[in-house]
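All remarks here apply to the structure that follows.
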């Protein structure tokens, strides 16, 4: 699976790292797992780092709408904020679909092209170094996987 979640209970924040190939099934399962794992959390801050997605060929607006609609009426989305960070135009468009639907369930959902901007908006600056550390770790994994083998 191409999704990792890191929970920071002292900040009531979940960082989700998406990388490699992402399918509708994986995204839907991610939302279901988030609903279950954080059902006792309200005012949750969520940061989805999608900068390292390399294959979204099976994703479309219909599947994203379904996954995002699973957030509706979930305790974790009550008075919560969500940010999605992307690099590519195609992923940006798909993330906007997800964020638009998700915004119906929470205070706000936004899409960013810059990780620092998302961190500032979510007001989790105290976690900036840790978040960037996870970003660098995934970047290294992706570089290693892309390197030609001898």
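The values are calculated or read from the model by the stated rules, or taken from the named source; none is laboratory data. Just so it is clear, the model here is predicted, and its values are computed rather than measured. Positions of Cβ are generated from backbone atoms using ideal geometry, with glycine treated the same way; all protein chains shown enter the neighbour counts.
Mind counting the residues in segment 9-51 that are over 15 Å from residue 82 (Cβ atoms) and part of a strand (DSSP E or B)?
Qualifying residue count for the region: 4.
Counting only residues that are in contact (Cβ under 8 Å) with a residue 24 or more places away in the chain, under 23 Å from residue 25 (Cα atoms) and under 14 Å from the mean Cα position of the chain (by Cα), give me the helices (runs of 4 or more DSSP H) lying completely in segment 52-144 with at least 1 of them.
Hits in segment 52-144: 61-69, 89-102.
Rundown of residues vs (1) modelled with pLDDT of 95 or more; (2) surrounded by 14 or more Cβ atoms within 10 Å (Cβ to Cβ), yes/no style:
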| position | (1), (2) |
| --- | --- |
| 83 | yes, yes |
| 104 | no, no |
| 116 | yes, no |
| 121 | yes, yes |
| 124 | yes, yes |
| 135 | yes, yes |
